[in-house]
Amino acid sequence: MSPGWSFQEAMEVTGKVVDVAGVGAIVLGIALATVLAGAALLRNRRHGGGEDVYHQYRQRLGRSILLGLELLVAADIIRTVAVTPTFRSVGVLGLIVVIRTFLSFSLELEITGRWPWQKGRTAPGRAVPAESSTGSTGPQGGPPGPAGPPTTSPVPG
């Protein structure tokens, strides 16, 4: 930063840098996910592996988009609060944050099969995380109860 810059100018530049980082995270994430999916497809074709390339590709895309969205929200906050703190700009920022938060929650649900606040639960049709398949956790991922790991009973379909 130049010694002649004002606080507002520095925050505007910082917001733009974080914006570029957010867009870069999305673009690089898409490129990396695509290259890895292509390599996995070639490997599966040669060796006949049963790897679910499509699912992994979507997870990688979703994670890069989530990271990019978080950086873009941070840039909006920096510019809005530090540079132009008016009621209108804060209202616009609030709307942007709500929309991006909804997108983030939707992507999290798409990637993991759970809402962000349901980290210990497994959605129907999704694989059980490795740490909970050992029987060392109790209901909703907590510690086992006094009688040991929980047992599951068949649910009528």
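Go over the candidates Arg79, Arg126, Arg121 one by one and state the one that is of a type in the set (Lys, Arg) and either assigned to a helix (DSSP H, G or I) or modelled with pLDDT of 65 or more (or both). Even if it seems obvious, please write down each step before you answer.
Values: Arg126 fails: either assigned to a helix (DSSP H, G or I) or modelled with pLDDT of 65 or more (or both); Arg121 fails: either assigned to a helix (DSSP H, G or I) or modelled with pLDDT of 65 or more (or both).
The unique qualifying residue is Arg79.
With the checklist (1) over 30 Å from Leu95 (Cβ atoms); (2) surrounded by 13 or more Cβ atoms within 10 Å (Cβ to Cβ) in hand, flag the one item Tyr54 doesn't pass. Only one criterion is unmet by Tyr54, namely (2).
Every condition in (1) without any contact (Cβ under 8 Å) to a residue 40 or more places away in the chain; (2) touching an Asp or Glu at 6+ places or on another chain (Cβ under 8 Å) holds for Leu61 except the one numbered (2). The criterion of being surrounded by 14 or more Cβ atoms within 10 Å (Cβ to Cβ) and part of a helix (DSSP H, G or I) does not hold for Ile99.
Pairs are defined by a Cβ separation below 8 Å, a sequence spacing of at least 6 or placement on different chains, a first member in region 17-43 that is within 17 Å of Arg58 (Cα to Cα) and modelled with pLDDT of 95 or more, and a second member that is among the β-branched types (Val, Ile, Thr) and surrounded by 13 or more Cβ atoms within 10 Å (Cβ to Cβ); the pairs so defined are Ile26/Ile65; Gly29/Ile65.
With respect to Gly68, determine if the residue is touching a helix residue (DSSP H, G or I) at 6+ places or on another chain (Cβ under 8 Å), crowded, with 17+ Cβ neighbours inside 10 Å, in a helix (DSSP H, G or I) and modelled with pLDDT of 95 or more.
No: the conditions fail for Gly68.
Would it be correct to say that Ala75 is under 26 Å from Phe105 (Cβ atoms), surrounded by 18 or more Cβ atoms within 10 Å (Cβ to Cβ) and in contact with a helix residue (DSSP H, G or I) (Cβ under 7 Å, 6 or more places away or on another chain)? Spell out the reasoning first.
Numbers: under 26 Å from Phe105 (Cβ atoms): yes; surrounded by 18 or more Cβ atoms within 10 Å (Cβ to Cβ): yes; in contact with a helix residue (DSSP H, G or I) (Cβ under 7 Å, 6 or more places away or on another chain): yes.
When the stated conditions are applied, Ala75 passes them.
Each residue in region 1-16 was checked for being touching a helix residue (DSSP H, G or I) at 6+ places or on another chain (Cβ under 8 Å) and assigned to a helix (DSSP H, G or I), and 7 pass.
Of everything in region 44-57 that's charged (D, E, K, R) and outside any helix (DSSP H, G or I), which residue is modelled with the highest pLDDT? Before you say what the answer is, go through the steps one by one.
Going residue by residue through region 44-57, those that are charged (D, E, K, R) are 45-46, 51-52.
Still in the list and also outside any helix (DSSP H, G or I): 51-52.
Numbers: Glu51: 68, Asp52: 85.
Ranking the candidates gives Asp52 first.
The values are calculated or read from the model by the stated rules, or taken from the named source; none is laboratory data. Bear in mind that the values here come from a model prediction, so they are computed numbers and not experimental data. Glycine gets a Cβ as well: all are built from the backbone with ideal geometry, and neighbour counts include every protein chain shown.
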